[in-house]
Each structure stands twice: as structure tokens, then as C-alpha cells.
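Let me begin by presenting the structure, written as C-alpha cells, before commenting on it.
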Amino acid sequence: MRSAGIIKMLTFISFFFFTNMVMDVSASVKSLSKAESHKYITIEGNQIVRYGDRTPVKVSQIPSGSVIEIDADIEVAGAWLLPDNCVIRFSGGVVTANRIVGKNTVIDAPAAYMFKVGKMEGTWRVERAFPEWFHGTDNSWSDAVDRALTLNPVEICFTHGIYDITRPIVTTSPNVYIAHGATLRASQSLRQPIEYMICGDFSGRHTVAELALMPKIYGGGCIDGNGMAKTGVTFYRSRQSALEGLTIQNTTEYGFKASRDETVAGNCIVSNCVFQNWLKNPAAKKRVIAILNNRTDCVYEDIEIVDYQIAVRHDGLNGKYTNVHAWLLDATLWNSSVVFDCQQPDLTLLGCEADTMCSLIRFDRPYFFASIVNCRAYVNESVVDLNAVDSKGNPRYAMPLVIDKTIANASKDRTQGAKGRLSQIMLYGGVFWYELGRNTLKYRIVDEMSPHDQIELRRYQRSQLREGALYGM
């Protein structure tokens, strides 16, 4: 072993001390007395030499439960096999080795380059791992992320700046934390879009108890598909896994996909997220969907969705949506725009809004069950011209709450069937317009409903916008 600097090591008496210091390594080290400083050692050549009497000690004789403090560049020939339960502290320098093998090893270090290593093997007890530990001038962020994940930390942390990746990040256990001010971005160097940016793959967990121990993908940062990723985040075989507090943007198919494979059981919770679609290509921009809910019992709350022609494709049973606010800034997306495009018939909406979108709900199935509580649709006059009309003189930007595409060829003879179908939708307050088919009968419900009111269909010829909600005249 050669050294361009110093490795300092302290040997502690109590094994119990080390097995309980994982959660607060720094505090434990700071508590050492000055009298123990003579136990620090240097590495010279292939031997460790004590500071005091300079008695040589072989590398293989580093005691278990030691703190090794590195403050300069270290080069290890071959593999560095660490003793049991030691702690590596970095205050500077880089360790170069073919491989480092941990043995219940703790790493206490900031987000800085530390390891120029072929492989990280063995067992590690790492609370927070940073890709920066492995990101030098000769490797990509994707390589660095993969090395950090091999430590199986409690969470992997992206702290600041832009992290360009060239392949998906797959976590089987660690949380993924993307801090405010950090952006995980698909690289423009890719020849074709990657399937997803992050996947929580929990297929290695088999029991209900194991599946309950699901990590989350969270923070305050951004996941940017950059036009080079099909999906921002997806899960596989998850149970109540969480996506929280992130902005996801510029993917080519979905911002979030509840399950990588809709045939595999699982559910999730998505909260406090923003989905943004700033793609430059008009055709590509119209194709992308913010959320694909393709699993049962998923929960979505406090979601903002900007500039998606389809905000949510509901393709899983018993979906619950609270305070989902979708809106358009690009008026070219108006035609056929919808907040909830329902391929499955069962969902609950609470306080959801269609802001300058053609409709709140569109469903394709003949049987549709929904509970709609305090939802509304309205138009932002700064985005579209409320006085615009189509070729037939009808309002260009008039918004129905619900479009039933299953009876697009309806006639007056089928009005009773439409009533029966609509009566399965429970409306609790708010002002709603129900459209029966396309270019056929149009009905609006204009009165606020109590939970016990029967739904009444009323037909009107015109509509106007008053106080932010659609009313019939």
C-alpha cells in the first residue's frame, strides 16, 4: 500500500460503541479525548506505522471497530479488505483501489469525490450515500449512482446541481432523495429515450410484511426527462410506496406510471408533486400524459399538472384523487383536453379542478361509478378568448364536466339510459355540465347538490361563465 498522504486511525475498546454509532458517527468521533491522539497512525509503503514508537503494524492487523480518518490521497494495490465494524471518515483525499470490501463498514463523509474504485463489495452500514463519492473526471453520473447503490444505503442523496444520467436508476431498497436545487436529468447524449428515470423495483420482496417496508422517492428537486426519457418515475410490485414533493417534467410518454407492469399487484401514494410539459415538438407534447394510474387503490393528493392534453389516465380501480389541479398555458392543447381520462369505471374526486381544459372527466366504459365532491371547471381568460366561436357559431371554449364517449351516437330515445348511467355519479356541491356524446344532446346540472338529491338533467342552449363556474341559461 502506497500513500501520498495520511490515514489516521483510532482503536476503540468497546465493540458495543461501534455497533451503536451508525446513526451519529460524527458526534461519537468528536467526543474523543485528546489523550487518545497518540493512537493515530500513518500508512507508509505496505505497513502501518504508529506515531509514537513507530512500531510497524500490517494492514491486515487493523483492529476491528476502528475509525480510519483519511485526509489525503491513498493508493491501495489490489483490494482493500476492511476489518469488522470500522468507520471510514473523510476530510480530504481520494482512495484508489481495484476494489474495496466492506464488513459492516460505516462511511462518514460529505458529498465529495472520495473513491476511485473498480468495485465496492461486502457489507456496509451507510445512512446516506452520495453519487459524488464516486464521480470523478473519468466516469459518468450513472456509473457513480450505481456504485452508491451497491452500498445499499438507507437513502441515496442528490444534493445540488444537475445530474445527467444515461440509464435508468433502479432502487430495490434505498430511498431516493432529490434536494431542492438538484435536478436529475436524462442526458442529451442518448441516442434514444430511456424507458424511465427512476424505478422502485421491489420484486425481491415476497411477503406482505416485506412489501410494507417500502421506501420513497422524495425531496424538493426536479426529475427532468429532457425529451430523452419515456417515463419519469415508476414502481414495480410496490405497496404504499411514496412519490413526494418533486417536480417531474419533459418526459415523452408519462410523468409518473403507477406500475411498470400493470399485471403485477401493487399500489402507491403520490403527493405534493408538480408535473410540467415544456416539450418543443407540438405533436410530441400532445402525446405525453402526466400520470398513468394503472394499478388499484392508488392515492393522489395535492397535485399540479401543467400543459398536458391528458392530465391523468385512470386505468386502475378505486383510485382516489384529492386537490388535483390541471391547467393549460398552451391553448393549442385545448381540443380533447381532459383532466381524468377514465379507462376504468371506479374513482373518487375531491376538490379537483379543470382550469382552461375541455373537460374534467371523460369515460369510455358503459358502467361508470364515481364520487365527485366539490370539483369545478373554469377558463382562464388570459389563455383563451372566451368570445371565440366555432364554425357553427357555438362557443369555442365551453367546458363540460363529464363526457360520456360510450354513447356518442345517442338519440333522444336513449335519454333514459343516459340518466341511469349518470345517476351512478354522486355530486356533492359545485356546478356541473354533463355532455351526452359528441355533437348530440348536451345537458348541464346547474344546481348545487346535497348528498341525498336525485340528479336532474336539464337541457340548455347556451352557457356563460359566471364567478368561475359554468352555469346554464
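For the reader, a short list of remarks on this structure follows.
- Scan of region 253-281 for residues that are open to solvent by 40 Å² or more (accessible area, probe 1.4 Å) and assigned to a loop (DSSP other than H, G, I, E, B), ordered by number: E253, R260, D261, E262, T263, A265, W278, K280, N281
- Any hit, region 230-249, residues being part of a helix (DSSP H, G or I), open to solvent by 50 Å² or more (accessible area, probe 1.4 Å) and touching a residue at least 24 places away in the same chain (Cβ under 8 Å): no
- Screening region 357-393 for residues that are of a type in the set (S, T, N, Q) and over 27 Å from D315 (Cα atoms) and picking the one that is modelled with the highest pLDDT gives S391.
The rows are residues; the columns are (1) under 25 Å from N318 (Cα atoms); (2) within 33 Å of the chain's Cα centre (by Cα); (3) surrounded by 15 or more Cβ atoms within 10 Å (Cβ to Cβ); (4) at pLDDT 60 or above.
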| position | (1), (2), (3), (4) |
| --- | --- |
| T348 | yes, yes, yes, yes |
| D355 | yes, yes, yes, yes |
| P395 | no, no, yes, yes |
| N409 | no, no, no, no |
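- Hey, A290 modelled with pLDDT under 95 and small (G, A, S) or not: no
- Here is the figure for region 258-286: residues that are basic (K, R) and touching a strand residue (DSSP E or B) at 6+ places or on another chain (Cβ under 8 Å) total 1.
- Enumeration of residues in region 238-257 that are modelled with pLDDT under 95 and aliphatic (A, V, I, L, M): A242
- Whenever a residue of region 260-272 is at negative phi, its partners that are in a loop (DSSP other than H, G, I, E, B) and among the β-branched types (V, I, T), lying with C-beta atoms within less than 7 angstrom and at least six residues away or across chains, give the pairs N267/T296.
- Each residue in region 99-131 was checked for being surrounded by fewer than 18 Cβ atoms within 10 Å (Cβ to Cβ), among the basic types (K, R) and in contact (Cβ under 8 Å) with a residue 60 or more places away in the chain, and 0 pass.
- Filtered by the rule that a residue be part of a loop (DSSP other than H, G, I, E, B), at pLDDT below 95 and among the aliphatic types (A, V, I, L, M), region 185-229 gives L190, A212, L213, M214.
- Looking only at residues of region 72-89 that are in a strand (DSSP E or B) and open to solvent by 20 Å² or more (accessible area, probe 1.4 Å), we find that the one that is farthest from L151 (Cα to Cα) is E75.
- Summed over region 298-326, the residues that are surrounded by fewer than 20 Cβ atoms within 10 Å (Cβ to Cβ), under 16 Å from C268 (Cα atoms) and either over 17 Å from the mean Cα position of the chain (by Cα) or among the polar types (S, T, N, Q) (or both) give a count of 5.
- In the condition set (1) hydroxyl-bearing (S, T, Y); (2) open to solvent by 60 Å² or more (accessible area, probe 1.4 Å); (3) over 21 Å from N152 (Cβ atoms); (4) at pLDDT 85 or above, T96 is compliant with all but (2).
- Those residues of region 136-159 which are open to solvent by 10 Å² or more (accessible area, probe 1.4 Å), in a loop (DSSP other than H, G, I, E, B) and modelled with pLDDT of 95 or more, in sequence order: T159
The values are calculated or read from the model by the stated rules, or taken from the named source; none is laboratory data. Quick caveat, the model's predicted, so the values are computed rather than measured. Cβ sites come from the backbone with ideal geometry, for glycine too, and all protein chains shown count toward neighbours. For the accessible areas, the whole protein counts, side chains as well, though only heavy atoms, and no ligand, DNA or RNA atoms are used. Shrake-Rupley method; radii C 1.70, N 1.55, O 1.52, S 1.80 Å.
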